[in-house]
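Note sheet for the following structure.
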Amino acid sequence: MTARQVTLPSGRVVGMTGLGDPLARRLVLFSHPMPGASGFDPAPPVTRHWGVHLLGIDRPGYAGSPPWREGEAPDARLWALDVASWVRHAMRVGDDASGQEYDRRVGVLGWGAGAVFAAELAAALGRGVDRLALIVPSDRPEPDELRVGGAVGARLDLMRTEALRQGDSGVRGDAAALRGARWPAVLAEVAVPTLVLARADAGRGRPRSTTATELRRVRRGHPTRVALTRAELPIAAHWRRILEHVAPEHGALPASAR
């Protein structure tokens with residue numbers, strides 16, 4: 001699923017996959033759950049015509065990203081600072097492959113445990129980010145019993161398979177990073193409009209979701225609880241709403257081009 005590998009300023013190699021419209025000026029960075037891989041698209045028909053360049057990033061040990069290096073303690077903030085340095089460089093010179101120029105600021109999206117890394121990335125980017133979305137924020141792996149049918153379920157299964165291509169190194173790295181993470185205190189550093197979607201049935205046999213009290217640390221956001229059946233995947237069920245937040249102007253593409 002991973003489309004390419006890039007080398008970050010630290011020398012770390014990271015797998016990335018671009019989805020959506022490569023001509024769109026709007027770039028949104030996507031941090032997937034635990035386990036998760038960069039090639040997952042919640043709703044391809046919507047993404048394809050929205051006018052957004054969605055860039056998924058494999059965290060260490062998942063899919064196209066090698067595990068944390070020997071002797072290196074997994075650290076969500078360190079990962080975020082490393083990725084942010086690469087993003088700033090890419091925004092200055094344009095994508096090496098396409099020469100594409102992007103808007104000066106980006107959107108950041110985190111799903112599940114990926115929300116912790118997304119918040120750190122938003123903080124690391126500072127003025128380089130203008131929108132943040134946190135979808136069912138959690139500090140635990142996605143539940144094994146979560147199963148959805150149809151095309152969404154097939155894509156979810158493929159994402160998990162790809163994420164575990166290197167065994168459990170990605171999950172172990174994430175778990176270690178989350179133990180030392182500044183979550184949710186880092187949310188106080190993020191001063192951009194933030195969309196938070198949390199399950200209305202959080203806590204009923206699911207991974208520990210971030211509570212409304214913790215989410216009050218978001219300076220410009222309010223948690224929105226959504227009622228979903230066990231067979232629904234929140235990020236897919238609300239994908240259009242999420243894109244309306246992180247890419248509200250459709251990547252500067254006119255309606256006739258979408």
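The values are calculated or read from the model by the stated rules, or taken from the named source; none is laboratory data. Only a predicted model underlies this, so the values are computations on that prediction, with no experimental measurement involved. A quick note on method: Cβ atoms are made from the backbone with ideal geometry, for glycine too, and the neighbour counts reach across all protein chains shown.
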| field | Flag if residue 209 is on the phi < 0 side of the Ramachandran plot, out of contact with any helix residue (DSSP H, G or I) (no Cβ under 8 Å at 6 or more places or on another chain) and modelled with pLDDT of 90 or more | value | no
Reported set for region 4-40 where residues are more than 17 Å from residue 118 (Cβ to Cβ), in a loop (DSSP other than H, G, I, E, B) and within 15 Å of the chain's Cα centre (by Cα) is 39
When residue 138 is run through (1) over 18 Å from the mean Cα position of the chain (by Cα); (2) at pLDDT below 90; (3) within 27 Å of residue 247 (Cα to Cα); (4) among the small types (Gly, Ala, Ser), the failure sits at (1)
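Just to be sure, is residue 31 in contact (Cβ under 8 Å) with a residue 40 or more places away in the chain and hydroxyl-bearing (Ser, Thr, Tyr)? First the steps, then the outcome.
Numbers: in contact (Cβ under 8 Å) with a residue 40 or more places away in the chain: yes; hydroxyl-bearing (Ser, Thr, Tyr): yes.
Yes; evaluated as a whole, the condition is true for this residue.
Of 49, 53, which residue is of a type outside the set (S, T, N, Q), closer than 18 Å to residue 88 by Cβ and touching a Lys or Arg at 6+ places or on another chain (Cβ under 7 Å)? It would help to see each step written out before you state the result.
Values: 49 fails: closer than 18 Å to residue 88 by Cβ.
53 is the lone residue from the list that is of a type outside the set (S, T, N, Q), closer than 18 Å to residue 88 by Cβ and touching a Lys or Arg at 6+ places or on another chain (Cβ under 7 Å).
Can you tell which of 58, 82 is surrounded by fewer than 24 Cβ atoms within 10 Å (Cβ to Cβ), at pLDDT 95 or above and closer than 24 Å to residue 140 by Cα? So that I can check it myself, show each step before the final result.
Working: 58 fails: surrounded by fewer than 24 Cβ atoms within 10 Å (Cβ to Cβ).
None of the other options fit; the residue is 82.
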Restricted to region 28-61 and to residues being among the small types (Gly, Ala, Ser) and in contact with a helix residue (DSSP H, G or I) (Cβ under 6 Å, 6 or more places away or on another chain), the residue farthest from residue 154 (Cα to Cα) is 51
Condition set free of Cβ contacts under 8 Å to residues at least 40 places away in the same chain and not aliphatic (A, V, I, L, M), scope region 58-90, selection nearest to residue 179 (Cα to Cα): answer is 72
